[in-house]
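To start, the structure itself, in structure tokens.
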Amino acid sequence: MAKKTPVEWTRKHLLGLEDLSAGEITHLLDAAEKFLPYATGRTERPARKAAPQRLKGRTVLNLFCEDSTRTRTSFTLAAERLGARVVQFHAATSSLKKNETLLDTARNIEAMGLDAIVIRHPERGAPQTVAEAVNCSVLNAGDDAHEHPTQALLDFLAIRHKFGRLDGLTVAIVGDIRHSRVARSNLYGITKLGSRVIFVGPPLFLAGLGDIAAAVETSTDLDAILPECDAVMMLRVQFERHEGVALDLEDYKRGYQLTAKRLARAKPGAIVLHPGPINRGLEITNEVADGPQSVILHQVTCGVAVRMAALSLCIGALDRQRKSAKPSPLTPPLSRSTQRLSTGREGRGRKKRGLSREGRGRGKSSAGA
Ligand code: NCD
């Protein structure tokens with residue numbers, strides 16, 4: 001068999017999986033695989049005490065404008081294990097509360113010296129908008145129901161570990177698809193690697209898929225789909241995004257809760273994933289979440305390795321661009337539309353969430369330059 005030419009990583013941002021090629025996704029996963037021994041902080045090889053200090057002297061900003069446990073902690077540990085310093089930004093106690101815009105916040109902190117911004121934001125496209133306004137790397141840690149690239153990559157790594165490959169598998173993504181950025185990034189990524197994805201849920205959660213509706217197989221019948229599945233990814237019912245959604249919980253459990261009895265219908269050796277946090281007893285029973293087919297905690301471990309890979313690859317690409325670039329202004333000039341979005345007034349009226357309006361309506365994702 002002809003040897004594949006390795007893909008060179010040239011992107012300084014990781015904003016989504018929609019625009020990544022299969023080769024780039026595999027490159028990221030292969031890099032993550034190498035970091036896996038360091039992902040728990042305990043080296044499996046006693047001779048090696050610590051991860052390679054690839055980000056020594058670097059500074060990463062965790063700019064989180066939504067709640068997070070796993071993703072924030074995982075990015076923090078990933079950056080720190082590679083030797084970087086991590087600054088934690090907390091929206092609730094920041095000047096966003098005084099109507100400072102997101103772009104002003106990002107550019108001001110960048111002026112203190114940053115190599116990367118990891119951003120989670122409740123508005124679709126906010127990471128892209130920030131990436132256009134700063135010089136450093138930007139990594140998307142989840143934007144609205146749009147993309148969550150590192151979550152999908154860690155899912156792929158966990159699945160690849162179990163099956164040794166990512167092609168020819170059938171993966172059901174089950175539940176609150178409509179509000180899930182995890183479902184979208186998984187769809188964009190794993191189908192490029194040759195797996196089949198089926199979105200499963202009640203009609204209520206399969207509605208509003210917009211541009212991806214035509215591209216994805218859907219089903220409202222979990223019991224009928226399970227016998228085809230190698231992996232079953234349960235999604236959290238995302239109540240915080242349920243404005244105007246009337247869900248009958250008992251009905252939902254009857255049709256879609258993953259119980260041991262139901263899981264027995266899946267292929268032998270099928271694995272169960274969940275991005276967390278889990279609504280125990282709603283989308284999944286304790287028995288399944290903590291059972292032998294669950295890889296939920298392994299996903300979390302894979303997450304640190306994936307983020308180590310993503311940070312070091314993106315900052316590596318940034319370094320190469322910085323070296324080859326002509327001297328540039330400290331911060332890039334804002335485009336007309338970005339300027340409009342970054343005036344202090346934009347934040348008003350959205351005070352409750354501590355947000356500004358930049359990023360609204362920006363449809364397409366890009367993995368960035
Ligand atoms: C997911 C998220 O934030 O989108 N969780 C995560 O990053 N671990 C899914 C969720 O919140 O349900």
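Any read-out appearing in this document is the output of simple, stated calculations on the displayed coordinates, not a laboratory observation. Because the structure is predicted, anything quoted here is derived from the model rather than measured. Ideal geometry is used to build each Cβ from the backbone, glycine not excepted, and the neighbour counts take in all protein chains shown.
Annotations for the structure displayed:
- Taking amide H positions as modeled 1.01 Å from N, with prolines and chain starts lacking one, the residues under 5 Å from Ile284 and 5 or more places away or on another chain are Leu258.
- Separation in nanometres of the label points that stand 7 Å from Cα toward Cβ, at His90 and Thr69: 1.7 nm
- Virtual spin-label span in nm between Arg322 and Leu297, 7 Å along Cα→Cβ: 3.9 nm
- With the highest mean first, a sort of the peptides 73-84, 139-150, 282-293 on other beta-carbon atoms found within 10 angstrom per residue produces 139-150, 73-84, 282-293.
- With θ taken as phi - 60° and the Karplus curve 6.51 cos²θ - 1.76 cosθ + 1.60 applied, the whole-hertz 3J(HN,Hα) list for the range 133-138 is 9, 10, 9, 7, 6, 10 Hz, x standing for glycine and proline.
- P(r), alpha carbons of the range 150-300 - 5 Å bins starting at zero, rounded %: 2, 10, 22, 25, 23, 13, 5, 1, 0
- Taking every C-alpha pair closer than 8 Å and separated by at least 6 residues, the mean separation divided by the residue count of the range 150-300 gives a relative contact order of 25 percent.
- Residues whose amide H falls under 5 Å from that of Ile173, counting only those 5 or more places apart or on a different chain, are Ile198, Phe199, Val200, Met233, with hydrogens built in the peptide plane.
- Calculated from backbone phi, Karplus (6.51, -1.76, 1.60) coupling profile of the range 154-165 in Hz, x at Gly/Pro: 6, 4, 4, 5, 5, 5, 5, 4, 6, 9, x, 6
- Ascending count of other beta-carbon atoms within 10 Å, so fewest first, for Thr218, Thr105, Thr10: Thr10, Thr218, Thr105
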